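Down below is the structure, laid out as C-alpha coordinates.
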Amino acid sequence: MKIPLLDLKAQFRQIRSEVLSVIESVCDEQGFILGRRVEAFEAAMAEYLGCRYAVGVASGSDALLLSLMAAGVEPGDEVLTVPFTFFSTAGVVSRLRGVPVFIDIRPDTLTMDPEQIEKRLTPRTKAIIPVHLFGQCADMEAIMDVADRHGVKVIEDACQAIGAGRHGRKAGTFGYAGCVSFFPSKNLGGIGDGGLVATNDGDLREQLLALRVHGSRSEYHHDHIGLNSRLDAVGAAVLHVKLRHLDGWNAQRARNAASYQRLFGEAGLGEHVTLPVTDAGNVHVFNQYTIRARRRDELMAHLKAREIGHRVYYPVPLHLQECYQPLGYQHGDLPVSERMAREALSLPIYPELPDGHMERVVEGIGEFYAGVSPRG
Ligand SMILES: *Cc1c(COP(=O)(O)O)cnc(C)c1O
(Lines give C-alpha, C1' and ligand atoms only; values in the text may rest on other atoms or scores of the structure.)
Protein backbone atom coordinates (compact mmCIF):
# COMPACT_ATOMS: atom_id res chain seq x y z
CA MET A 1 0.00 0.00 0.00
CA LYS A 2 1.51 3.30 -1.13
CA ILE A 3 0.76 6.15 1.27
CA PRO A 4 1.14 9.66 -0.12
CA LEU A 5 1.82 12.63 2.17
CA LEU A 6 -0.90 14.59 0.38
CA ASP A 7 -3.43 13.71 -2.32
CA LEU A 8 -5.03 16.81 -3.80
CA LYS A 9 -6.88 14.75 -6.40
CA ALA A 10 -8.97 13.10 -3.68
CA GLN A 11 -10.29 16.50 -2.63
CA PHE A 12 -10.88 17.70 -6.16
CA ARG A 13 -12.99 14.62 -6.95
CA GLN A 14 -15.49 15.70 -4.24
CA ILE A 15 -15.95 19.25 -5.52
CA ARG A 16 -15.17 18.77 -9.21
CA SER A 17 -18.51 19.91 -10.64
CA GLU A 18 -18.80 22.96 -8.32
CA VAL A 19 -15.28 24.09 -9.22
CA LEU A 20 -15.56 23.52 -12.96
CA SER A 21 -18.90 25.29 -13.10
CA VAL A 22 -17.61 28.44 -11.40
CA ILE A 23 -14.54 28.49 -13.68
CA GLU A 24 -16.91 28.31 -16.64
CA SER A 25 -18.92 31.25 -15.27
CA VAL A 26 -15.83 33.43 -14.88
CA CYS A 27 -14.77 32.52 -18.42
CA ASP A 28 -18.20 33.53 -19.68
CA GLU A 29 -17.88 36.84 -17.83
CA GLN A 30 -14.33 37.47 -19.18
CA GLY A 31 -13.44 39.57 -16.13
CA PHE A 32 -10.16 38.15 -14.91
CA ILE A 33 -8.42 40.89 -12.94
CA LEU A 34 -9.93 42.00 -9.60
CA GLY A 35 -13.61 42.94 -10.00
CA ARG A 36 -16.66 41.41 -8.36
CA ARG A 37 -15.38 37.84 -7.99
CA VAL A 38 -12.39 39.04 -5.99
CA GLU A 39 -14.47 41.51 -3.98
CA ALA A 40 -17.03 38.84 -3.09
CA PHE A 41 -14.31 36.47 -1.94
CA GLU A 42 -12.58 39.21 0.07
CA ALA A 43 -15.88 40.00 1.82
CA ALA A 44 -16.47 36.31 2.54
CA MET A 45 -12.97 35.95 3.96
CA ALA A 46 -13.32 39.01 6.19
CA GLU A 47 -16.56 37.56 7.53
CA TYR A 48 -15.04 34.11 7.98
CA LEU A 49 -12.03 35.47 9.84
CA GLY A 50 -14.02 38.00 11.83
CA CYS A 51 -12.02 41.04 10.77
CA ARG A 52 -13.00 44.25 8.99
CA TYR A 53 -11.05 43.89 5.77
CA ALA A 54 -9.41 41.31 3.56
CA VAL A 55 -7.30 42.18 0.54
CA GLY A 56 -6.47 39.51 -2.02
CA VAL A 57 -2.92 39.43 -3.41
CA ALA A 58 -0.83 37.17 -5.64
CA SER A 59 0.64 34.89 -2.94
CA GLY A 60 1.22 34.45 0.76
CA SER A 61 4.74 35.76 0.24
CA ASP A 62 3.36 38.91 -1.34
CA ALA A 63 0.86 39.27 1.52
CA LEU A 64 3.88 39.46 3.84
CA LEU A 65 5.89 41.68 1.50
CA LEU A 66 3.09 44.22 0.94
CA SER A 67 2.30 44.30 4.67
CA LEU A 68 5.95 45.08 5.43
CA MET A 69 5.94 47.78 2.76
CA ALA A 70 2.79 49.30 4.26
CA ALA A 71 4.38 49.14 7.71
CA GLY A 72 7.16 51.32 6.29
CA VAL A 73 10.06 48.86 6.47
CA GLU A 74 13.07 50.52 4.91
CA PRO A 75 16.65 49.44 4.24
CA GLY A 76 18.40 48.71 7.51
CA ASP A 77 15.19 48.30 9.52
CA GLU A 78 15.00 45.20 11.67
CA VAL A 79 12.18 42.69 11.72
CA LEU A 80 12.03 40.04 14.44
CA THR A 81 10.98 36.58 13.34
CA VAL A 82 11.72 32.88 13.84
CA PRO A 83 14.12 30.70 11.84
CA PHE A 84 12.01 27.54 11.95
CA THR A 85 9.62 28.41 9.10
CA PHE A 86 9.33 28.54 5.33
CA PHE A 87 11.96 30.79 3.75
CA SER A 88 9.44 33.39 2.64
CA THR A 89 8.86 34.68 6.20
CA ALA A 90 12.35 36.17 6.31
CA GLY A 91 13.01 36.43 2.59
CA VAL A 92 10.46 39.22 2.22
CA VAL A 93 12.28 41.27 4.87
CA SER A 94 15.55 40.97 2.98
CA ARG A 95 13.77 41.74 -0.28
CA LEU A 96 13.10 45.22 1.19
CA ARG A 97 16.72 45.36 2.34
CA GLY A 98 15.53 45.06 5.92
CA VAL A 99 17.35 42.81 8.37
CA PRO A 100 15.65 39.68 9.71
CA VAL A 101 16.52 39.23 13.38
CA PHE A 102 15.96 35.63 14.38
CA ILE A 103 14.71 34.58 17.79
CA ASP A 104 14.06 31.05 18.98
CA ILE A 105 10.85 29.04 19.25
CA ARG A 106 9.18 27.23 22.12
CA PRO A 107 10.13 23.54 22.25
CA ASP A 108 6.52 22.39 22.79
CA THR A 109 4.47 24.37 20.24
CA LEU A 110 7.37 25.26 17.90
CA THR A 111 6.08 28.84 17.66
CA MET A 112 7.85 32.09 18.59
CA ASP A 113 9.02 32.23 22.20
CA PRO A 114 7.71 35.59 23.45
CA GLU A 115 10.36 35.62 26.19
CA GLN A 116 13.02 36.13 23.53
CA ILE A 117 11.50 39.27 22.02
CA GLU A 118 12.34 42.06 24.41
CA LYS A 119 16.11 41.56 24.51
CA ARG A 120 16.36 41.70 20.71
CA LEU A 121 14.34 44.89 20.24
CA THR A 122 16.34 47.94 19.12
CA PRO A 123 15.37 51.42 17.95
CA ARG A 124 15.49 50.01 14.41
CA THR A 125 12.90 47.26 15.04
CA LYS A 126 9.96 47.97 12.74
CA ALA A 127 7.91 44.81 13.01
CA ILE A 128 7.58 41.33 14.50
CA ILE A 129 6.47 38.39 12.35
CA PRO A 130 5.26 35.46 14.45
CA VAL A 131 4.50 32.32 12.44
CA HIS A 132 1.43 30.23 13.21
CA LEU A 133 3.41 27.14 12.36
CA PHE A 134 1.84 23.92 11.08
CA GLY A 135 -1.65 25.24 11.83
CA GLN A 136 -1.68 26.67 15.33
CA CYS A 137 -1.41 30.19 16.64
CA ALA A 138 1.68 31.51 18.34
CA ASP A 139 1.25 32.94 21.85
CA MET A 140 -0.42 36.09 20.55
CA GLU A 141 -1.37 37.68 23.89
CA ALA A 142 2.24 37.70 25.04
CA ILE A 143 3.54 38.81 21.62
CA MET A 144 0.98 41.62 21.26
CA ASP A 145 1.72 42.74 24.79
CA VAL A 146 5.47 43.28 24.16
CA ALA A 147 4.85 44.72 20.70
CA ASP A 148 2.26 47.22 21.97
CA ARG A 149 4.48 48.30 24.83
CA HIS A 150 7.25 49.11 22.35
CA GLY A 151 5.10 50.47 19.53
CA VAL A 152 6.18 47.76 17.09
CA LYS A 153 3.76 46.39 14.48
CA VAL A 154 2.88 42.68 14.40
CA ILE A 155 2.45 40.99 11.05
CA GLU A 156 1.15 37.45 11.50
CA ASP A 157 2.37 34.76 9.13
CA ALA A 158 -0.88 32.79 9.11
CA CYS A 159 -0.02 31.10 5.81
CA GLN A 160 -0.37 27.63 7.35
CA ALA A 161 -3.16 28.48 9.75
CA ILE A 162 -6.31 29.55 7.92
CA GLY A 163 -9.24 28.80 10.22
CA ALA A 164 -7.05 28.24 13.28
CA GLY A 165 -8.20 30.00 16.42
CA ARG A 166 -6.95 31.18 19.77
CA HIS A 167 -9.28 32.02 22.65
CA GLY A 168 -12.13 32.52 20.20
CA ARG A 169 -10.29 34.68 17.67
CA LYS A 170 -9.05 33.56 14.29
CA ALA A 171 -5.40 33.39 13.25
CA GLY A 172 -4.43 36.52 11.34
CA THR A 173 -6.72 38.93 13.21
CA PHE A 174 -4.60 39.81 16.25
CA GLY A 175 -1.97 42.10 14.80
CA TYR A 176 -1.61 44.92 12.29
CA ALA A 177 -1.84 42.44 9.40
CA GLY A 178 -2.56 38.73 9.02
CA CYS A 179 -1.09 37.01 5.99
CA VAL A 180 -2.72 33.99 4.40
CA SER A 181 -1.51 31.76 1.55
CA PHE A 182 -3.63 29.80 -0.90
CA PHE A 183 -0.73 27.70 -2.17
CA PRO A 184 -2.38 24.41 -3.23
CA SER A 185 -1.05 22.42 -0.25
CA LYS A 186 -2.43 24.84 2.34
CA ASN A 187 -5.73 24.02 4.08
CA LEU A 188 -7.55 26.34 1.68
CA GLY A 189 -5.60 25.68 -1.51
CA GLY A 190 -6.21 27.54 -4.75
CA ILE A 191 -5.81 26.57 -8.39
CA GLY A 192 -2.51 28.41 -8.50
CA ASP A 193 -0.73 30.93 -6.33
CA GLY A 194 -2.76 33.31 -4.20
CA GLY A 195 -2.74 35.11 -0.88
CA LEU A 196 -4.61 37.56 1.28
CA VAL A 197 -4.03 40.13 3.99
CA ALA A 198 -6.55 40.33 6.84
CA THR A 199 -6.73 43.51 8.87
CA ASN A 200 -8.91 45.76 11.01
CA ASP A 201 -6.88 48.81 10.01
CA GLY A 202 -8.62 50.95 7.37
CA ASP A 203 -5.42 52.79 6.52
CA LEU A 204 -3.54 49.54 5.91
CA ARG A 205 -6.36 48.36 3.66
CA GLU A 206 -6.15 51.57 1.59
CA GLN A 207 -2.39 51.16 1.25
CA LEU A 208 -2.69 47.52 0.18
CA LEU A 209 -5.34 48.30 -2.42
CA ALA A 210 -2.86 50.72 -3.97
CA LEU A 211 0.33 48.70 -3.48
CA ARG A 212 -1.08 45.66 -5.30
CA VAL A 213 -1.68 47.80 -8.41
CA HIS A 214 1.65 49.61 -8.69
CA GLY A 215 0.88 52.03 -5.88
CA SER A 216 -1.94 53.65 -7.76
CA ARG A 217 -5.07 54.91 -6.00
CA SER A 218 -6.58 56.34 -9.16
CA GLU A 219 -5.66 54.98 -12.55
CA TYR A 220 -2.29 56.16 -13.91
CA HIS A 221 -1.58 58.28 -10.82
CA HIS A 222 1.09 56.78 -8.58
CA ASP A 223 1.59 58.18 -5.08
CA HIS A 224 3.76 55.22 -4.09
CA ILE A 225 5.80 52.57 -5.84
CA GLY A 226 3.99 49.29 -5.61
CA LEU A 227 3.93 46.14 -7.69
CA ASN A 228 1.58 43.91 -9.63
CA SER A 229 0.29 41.54 -6.98
CA ARG A 230 -3.34 40.61 -7.42
CA LEU A 231 -5.49 37.60 -6.72
CA ASP A 232 -6.95 36.35 -10.03
CA ALA A 233 -10.73 36.35 -10.47
CA VAL A 234 -10.72 32.65 -11.44
CA GLY A 235 -8.64 31.83 -8.38
CA ALA A 236 -10.89 33.88 -6.10
CA ALA A 237 -14.04 32.27 -7.47
CA VAL A 238 -12.66 28.77 -6.89
CA LEU A 239 -11.45 29.69 -3.41
CA HIS A 240 -14.92 31.06 -2.64
CA VAL A 241 -16.41 27.67 -3.51
CA LYS A 242 -13.80 25.86 -1.42
CA LEU A 243 -14.20 28.22 1.56
CA ARG A 244 -17.61 26.65 2.23
CA HIS A 245 -15.88 23.32 2.83
CA LEU A 246 -12.96 24.63 4.87
CA ASP A 247 -14.35 24.11 8.37
CA GLY A 248 -15.35 20.54 7.50
CA TRP A 249 -11.89 19.79 6.14
CA ASN A 250 -10.18 21.40 9.13
CA ALA A 251 -12.36 19.38 11.51
CA GLN A 252 -11.37 16.17 9.70
CA ARG A 253 -7.67 17.08 10.01
CA ALA A 254 -8.21 17.52 13.76
CA ARG A 255 -9.95 14.11 13.94
CA ASN A 256 -7.02 12.57 12.08
CA ALA A 257 -4.63 14.14 14.59
CA ALA A 258 -6.67 12.64 17.43
CA SER A 259 -6.46 9.24 15.71
CA TYR A 260 -2.68 9.53 15.46
CA GLN A 261 -2.50 10.37 19.15
CA ARG A 262 -4.47 7.23 19.98
CA LEU A 263 -2.50 5.04 17.56
CA PHE A 264 0.89 6.26 18.77
CA GLY A 265 -0.28 5.75 22.35
CA GLU A 266 -1.36 2.18 21.64
CA ALA A 267 1.93 1.48 19.87
CA GLY A 268 3.87 2.59 22.96
CA LEU A 269 6.32 4.72 20.99
CA GLY A 270 6.64 7.44 23.62
CA GLU A 271 10.37 6.76 24.09
CA HIS A 272 11.07 7.54 20.47
CA VAL A 273 8.67 10.13 19.19
CA THR A 274 7.16 13.31 20.60
CA LEU A 275 3.70 14.15 19.30
CA PRO A 276 2.56 17.68 18.42
CA VAL A 277 1.33 19.78 21.34
CA THR A 278 -1.67 22.08 21.02
CA ASP A 279 -1.31 25.16 23.20
CA ALA A 280 -4.08 25.94 25.72
CA GLY A 281 -6.80 28.02 24.06
CA ASN A 282 -5.76 27.06 20.53
CA VAL A 283 -7.83 25.47 17.81
CA HIS A 284 -5.17 23.70 15.71
CA VAL A 285 -5.96 23.13 12.01
CA PHE A 286 -3.04 20.75 11.35
CA ASN A 287 -1.75 21.95 8.01
CA GLN A 288 1.01 19.55 9.01
CA TYR A 289 1.07 16.78 11.58
CA THR A 290 4.65 17.06 12.70
CA ILE A 291 6.24 14.73 15.21
CA ARG A 292 9.75 14.81 16.63
CA ALA A 293 11.58 11.57 16.05
CA ARG A 294 14.83 10.10 17.39
CA ARG A 295 17.17 8.90 14.62
CA ARG A 296 14.93 10.72 12.21
CA ASP A 297 17.03 10.34 9.09
CA GLU A 298 17.28 6.55 9.53
CA LEU A 299 13.54 6.43 10.18
CA MET A 300 12.98 8.34 6.93
CA ALA A 301 14.96 5.78 4.95
CA HIS A 302 12.84 3.04 6.52
CA LEU A 303 9.58 4.84 5.62
CA LYS A 304 10.77 5.62 2.12
CA ALA A 305 11.51 1.94 1.43
CA ARG A 306 7.92 1.16 2.49
CA GLU A 307 6.40 3.95 0.39
CA ILE A 308 5.07 5.74 3.46
CA GLY A 309 4.82 9.46 2.69
CA HIS A 310 6.63 11.92 4.96
CA ARG A 311 8.59 15.14 4.68
CA VAL A 312 10.89 17.34 6.70
CA TYR A 313 9.60 20.83 7.31
CA TYR A 314 12.23 22.36 7.75
CA PRO A 315 15.66 20.77 7.46
CA VAL A 316 17.73 23.98 7.66
CA PRO A 317 16.75 26.78 10.05
CA LEU A 318 16.86 30.12 8.26
CA HIS A 319 19.69 31.63 10.36
CA LEU A 320 21.96 28.85 9.03
CA GLN A 321 20.96 29.20 5.37
CA GLU A 322 23.79 29.92 2.97
CA CYS A 323 22.24 33.23 1.88
CA TYR A 324 22.10 34.43 5.49
CA GLN A 325 25.76 33.78 6.33
CA PRO A 326 26.43 37.53 6.14
CA LEU A 327 24.10 37.97 9.15
CA GLY A 328 26.75 36.17 11.21
CA TYR A 329 24.75 33.52 13.06
CA GLN A 330 26.59 30.41 14.29
CA HIS A 331 25.52 26.83 14.95
CA GLY A 332 24.17 26.77 18.50
CA ASP A 333 22.79 30.33 18.46
CA LEU A 334 19.16 29.20 18.29
CA PRO A 335 19.27 25.71 19.78
CA VAL A 336 15.58 24.84 19.82
CA SER A 337 15.13 25.65 16.13
CA GLU A 338 18.28 23.74 15.29
CA ARG A 339 17.13 20.69 17.21
CA MET A 340 13.72 20.77 15.51
CA ALA A 341 15.42 20.91 12.12
CA ARG A 342 17.10 17.60 13.08
CA GLU A 343 14.05 15.92 14.63
CA ALA A 344 10.88 17.18 12.93
CA LEU A 345 9.01 14.83 10.63
CA SER A 346 5.64 15.54 9.02
CA LEU A 347 3.20 12.69 8.37
CA PRO A 348 0.08 12.40 6.16
CA ILE A 349 -2.86 14.28 7.75
CA TYR A 350 -4.96 15.55 4.81
CA PRO A 351 -8.74 15.31 5.31
CA GLU A 352 -9.41 12.65 2.64
CA LEU A 353 -6.81 10.25 4.08
CA PRO A 354 -8.22 6.78 3.33
CA ASP A 355 -9.03 4.29 6.09
CA GLY A 356 -6.06 2.31 7.23
CA HIS A 357 -3.40 4.81 6.17
CA MET A 358 -2.71 6.24 9.62
CA GLU A 359 -2.57 2.72 11.06
CA ARG A 360 0.03 1.80 8.43
CA VAL A 361 2.08 4.95 9.10
CA VAL A 362 2.26 4.24 12.83
CA GLU A 363 2.94 0.56 12.21
CA GLY A 364 5.80 1.47 9.86
CA ILE A 365 7.31 3.76 12.49
CA GLY A 366 6.87 1.05 15.14
CA GLU A 367 8.69 -1.49 12.94
CA PHE A 368 11.66 0.84 12.69
CA TYR A 369 11.99 1.43 16.44
CA ALA A 370 11.47 -2.26 17.21
CA GLY A 371 14.79 -2.77 15.43
CA VAL A 372 16.78 -0.13 17.34
CA SER A 373 17.82 0.15 20.98
CA PRO A 374 15.37 2.19 23.12
CA ARG A 375 17.85 4.96 23.99
CA GLY A 376 19.35 5.24 20.51
C1 LIG B 1 3.30 28.82 2.34
C2 LIG B 1 3.96 29.74 3.29
C3 LIG B 1 4.34 31.05 2.93
C4 LIG B 1 4.29 31.58 1.54
O5 LIG B 1 3.15 31.41 0.86
P6 LIG B 1 3.17 31.42 -0.75
O7 LIG B 1 1.72 31.56 -1.07
O8 LIG B 1 3.74 30.11 -1.18
O9 LIG B 1 3.97 32.57 -1.21
C10 LIG B 1 4.87 31.86 3.91
N11 LIG B 1 5.06 31.44 5.16
C12 LIG B 1 4.75 30.19 5.54
C13 LIG B 1 4.97 29.78 6.96
C14 LIG B 1 4.20 29.30 4.61
O15 LIG B 1 3.92 28.05 4.99
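The values are calculated or read from the model by the stated rules, or taken from the named source; none is laboratory data. From a predicted model like this one, the values you see are computed outputs, not experimental measurements. No Cβ is skipped: glycine too gets one built from the backbone with ideal geometry, and neighbour counts run over all protein chains shown.
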Handout entry: Positions within the range 270-290 being surrounded by 17 or more Cβ atoms within 10 Å (Cβ to Cβ) and more than 30 Å from ALA158 (Cβ to Cβ), in sequence order
Key = HIS272
Completion exercise
In the range 136-151, residues that are in contact with a His (Cβ under 7 Å, 6 or more places away or on another chain) and free of Cβ contacts under 8 Å to residues at least 40 places away in the same chain total 1
Exercise for the section: Assess whether ASP297 counts as being in a loop (DSSP other than H, G, I, E, B) and more than 23 Å from SER94 (Cβ to Cβ). Expected result: no
Practice task
Answer yes or no: is there a residue in the range 242-257 that is over 22 Å from the mean Cα position of the chain (by Cα), outside any loop (DSSP other than H, G, I, E, B) and among the aromatic types (Phe, Trp, Tyr).
Solution key: no
Exercise for the section: Select, from ALA293, ALA267, ALA237, the only residue that is assigned by TED's automatic domain parsing to the domain that holds GLY168, buried (at least 17 other Cβ atoms within 10 Å of the Cβ), in contact with a helix residue (DSSP H, G or I) (Cβ under 9 Å, 6 or more places away or on another chain) and of a type outside the set (Lys, Arg). Expected result: ALA237
Completion exercise
In the set TYR313, TYR260, the lone residue that is of a type in the set (Ser, Thr, Tyr) and either buried (at least 20 other Cβ atoms within 10 Å of the Cβ) or at pLDDT below 95 (or both) is TYR260
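Yes/no matrix, rows are residues, columns are (1) surrounded by 24 or more Cβ atoms within 10 Å (Cβ to Cβ); (2) over 28 Å from LEU347 (Cα atoms); (3) touching a Ser or Thr at 6+ places or on another chain (Cβ under 7 Å):
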{"residue": "LEU66", "(1), (2), (3)": "yes, yes, yes"}
{"residue": "ASP77", "(1), (2), (3)": "no, yes, no"}
{"residue": "LEU80", "(1), (2), (3)": "yes, yes, yes"}
{"residue": "PHE87", "(1), (2), (3)": "no, no, no"}
{"residue": "ALA90", "(1), (2), (3)": "yes, no, yes"}
{"residue": "GLY98", "(1), (2), (3)": "no, yes, no"}
{"residue": "VAL101", "(1), (2), (3)": "no, yes, no"}
{"residue": "ARG106", "(1), (2), (3)": "no, no, no"}
{"residue": "GLN136", "(1), (2), (3)": "yes, no, yes"}
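So that you can scan it fast, the table gives a plain yes or no per residue for (1) in contact (Cβ under 8 Å) with a residue 60 or more places away in the chain; (2) in contact with a strand residue (DSSP E or B) (Cβ under 6 Å, 6 or more places away or on another chain); (3) under 20 Å from LEU80 (Cβ atoms):
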| residue | (1), (2), (3) |
| --- | --- |
| LYS153 | yes, yes, yes |
| GLU156 | no, yes, yes |
| ILE162 | yes, yes, no |
| GLY175 | no, yes, yes |
| LYS186 | yes, no, no |
| LEU196 | yes, yes, no |
| ALA237 | yes, no, no |
Problem - strands (runs of 3 or more DSSP E) wholly inside the range 176-226 containing at least 3 residues that are out of contact with any Pro (no Cβ under 8 Å at 6 or more places or on another chain) and within 16 Å of the ligand (Cβ to nearest atom) - result: 177-181, 195-199
Exercise for the section: May I ask you to verify whether CYS159 is part of a loop (DSSP other than H, G, I, E, B), under 14 Å from the mean Cα position of the chain (by Cα) and under 25 Å from ALA280 (Cβ atoms)? Expected result: yes
Exercise for the section: Quick one: which residue in LYS170, LYS153 is over 13 Å from the mean Cα position of the chain (by Cα), surrounded by 21 or more Cβ atoms within 10 Å (Cβ to Cβ) and farther than 19 Å from LEU133 by Cβ? Expected result: LYS153
Exercise for the section: Residue by residue through the range 311-340, note down the ones that are under 13 Å from LEU110 (Cβ atoms) and not polar (S, T, N, Q). Expected result: TYR313, TYR314, PRO317, LEU334, VAL336, GLU338, ARG339, MET340
Exercise for the section: Tell me, yes or no, whether the range 320-334 has at least one residue that is touching a residue at least 24 places away in the same chain (Cβ under 8 Å), of a type outside the set (Ser, Thr, Tyr) and closer than 18 Å to VAL277 by Cα. Expected result: no
